[in-house]
Ligand SMILES: Nc1ncnc2c1ncn2[C@@H]1O[C@H](COP(=O)(O)OP(=O)(O)O)[C@@H](O)[C@H]1O
Ligand SMILES: [Mg+2]
């Protein structure tokens, strides 16, 4: 009866198979294409302005010449403040939710709140930052206010990614540890954290790289278009790369064409470097995993 | 602590609910000191639940409720003032799937020891503890060269023996074992059974098993449970030859699955 040859039905299925696979491949390529075009354009048109001098000098002549040093330094300040606040808080909250919180209505509400918070548009965070940090706490427009605004914005994502890393540690390890008489904290400290730290750090670094590019939340809370000096502390205002890009692209007349591309290239390089560090770090730690 | 007159574990009138579902119903049980007691019964009859009530590991589930009493060496373990850390030092547990911690072999053996010791111990002290415990589970000669390897690299049999070894340095008197051989092949099963039999006397062992031959071979007394209740508790020889209950007989002869 059967000679194991393809029937008409088999051939139709195979045609459909090829078609569907091709479609998905095209979709995937289309996804990569914009990224390549963006990177290519930035590199092509912006590389001429990049130099050590560009990175390390102040803008001059109404921001149409000179470098981006204060913006670069300012971005580091802002991200630093955001990190110092959001990482300890976020990791602590995630540990509580994953390792301590009982499964009840309150916990579920908190989880829901975190998910919703992650979806709040950044301009809303900006307004919250103005209301809460600039005005209510009276920090003024400052690195502190802007950094805290960024921290609030990144917190839910830090919590979610940290919690996922913690949950990836098998429950059997916790039970083994508890059954040997370890307390919750001893178990977290000796078993859970060492085995989830790679995931946690990766999440945090990815989050940082997102923070680097944010503009809206810092615009009204602490970042300035132009300042002729470097910030000396968290009470000062500062320039920032993302806002500087916006400024030289749209707000200043007679900017040489390559300049905004150079700023954008610097910004995106910073992000890519952070991502690369995160990936390298994850690979390093995964190599040491014990199960 | 270990008075040989007293029962190692005395369970009376124990009821346990998972939410609305009653998993244990009026369980009364006296586990003798220094003996191996096999806990048998069909899947879902509450064997694991009973074991996990004794070291109170089921408590982290917020919806578990318990009434009645469980005494270990005459001391109520459900009392308010019981420190779980101390209870679990006295009552060790071996799980169904070998679950060594994601640490080296050595650190596994020393895990509980270090927790309960407080303060640092010298390398020499620790070496002695490791050698002692691994020798007791008949593993020392086999893995003395691999102490710094991740425990997860050991064979399943070695892992399960390691899981027993890591209990010993804190000198428990009761060992709870929940189907400790069910993940092992027949040969490994026999090796671990032999080990359990050797630990008899020094430790009071309550072991859940699905394997009738194992219960018969390697226990002093047997307890048969059905739907959350203890149906029969007798000397193993007696239960397997002349069971008093029809359900027990049916189960032993494999009519339950
Ligand atoms: N964590 C739990 N939550 C709710 N019900 C459970 C839980 N663990 C066990 N049960 C129920 O309790 C009964 C006894 O389970 P268990 O003690 O695991 O049985 P055994 O070990 O004898 O197979 C089963 O009906 C099971 O579905
Ligand atoms: Mg079970």
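Every number in this text was worked out from the coordinates using simple rules, so none of it is lab data. Quick caveat, the model's predicted, so the values are computed rather than measured. As a convention, Cβ positions derive from the backbone with ideal geometry for all residues, glycine included, and neighbour counts pool all protein chains shown.
Here are a few things to note about the model shown:
- Placing a label point 7 Å from the Cα of residue A:6 along the Cα-to-Cβ direction, the residues of the range A:21-39 with a backbone N closer than 20 Å are A:21-25.
- When its C-alpha radius of gyration is set against 2.2 N^0.38 Å (N residues), chain B gives a value of 1.01.
- Mean separation of Cα pairs under 8 Å and 6 or more residues apart, divided by the residue count, gives the range A:52-287 a relative contact order of 28 percent.
- Relative to its Kirkwood radius, the Cα radius of gyration of the range A:52-287 gives an Rg/Rh of 1.06.
- Just checking the listed ones, A:155, A:105, A:243: in the Gaussian network model of chain A with Cα springs under 10 Å, the one fluctuating most is A:105.
- Folded to 0 to 90 degrees: helix B:156-165 orientation relative to chain B principal axis, Cα: 90 degrees
- Average other protein chain Cβ within 10 Å of Cβ, residues B:142-155: 1
- Other protein chain Cβ atoms within 10 Å, averaged over every residue that makes up A:108-116: 0
- Residues considered: A:45, A:15, A:163. Largest GNM mean-square fluctuation over chain A, using C-alpha springs under 10 Å, is found at A:15.
- Subtracting the Cα-Cα distance of residue B:125 and residue B:197 from their residue separation scaled by 0.36 nm leaves 23.1 nm.
- Between helix B:105-117 and chain B: long-axis angle, C-alpha atoms, 0 to 90°, nearest 10: 80 degrees
- Compactness ratio for the protein assembly as shown: Cα radius of gyration over 2.2 N^0.38 Å (N = residue count) comes to 1.33.
- Contact order relative to length of the range B:9-252, as percent, for alpha carbon pairs under 8 angstrom and 6 or more apart: 29 percent
- On Cα atoms only, tilt of B:186-199 relative to the major axis of chain B in degrees: 90 degrees
- Chain lengthening between residue A:104 and residue A:55 when straightened (0.36 nm per residue, less Cα-Cα): 12.4 nm
- Based on C-alpha pairs under 8 angstrom that are at least 6 apart in sequence, the range B:214-257 has a relative contact order of 28 percent.
- Residue among B:222, B:122, B:69 with the largest mean-square fluctuation in a Gaussian network model of chain B, springs linking Cα atoms under 10 Å: B:122
- Each label point was placed 7 Å from the Cα along the Cα-to-Cβ direction; for residue B:250 and residue A:229 their separation is 9.1 nm.
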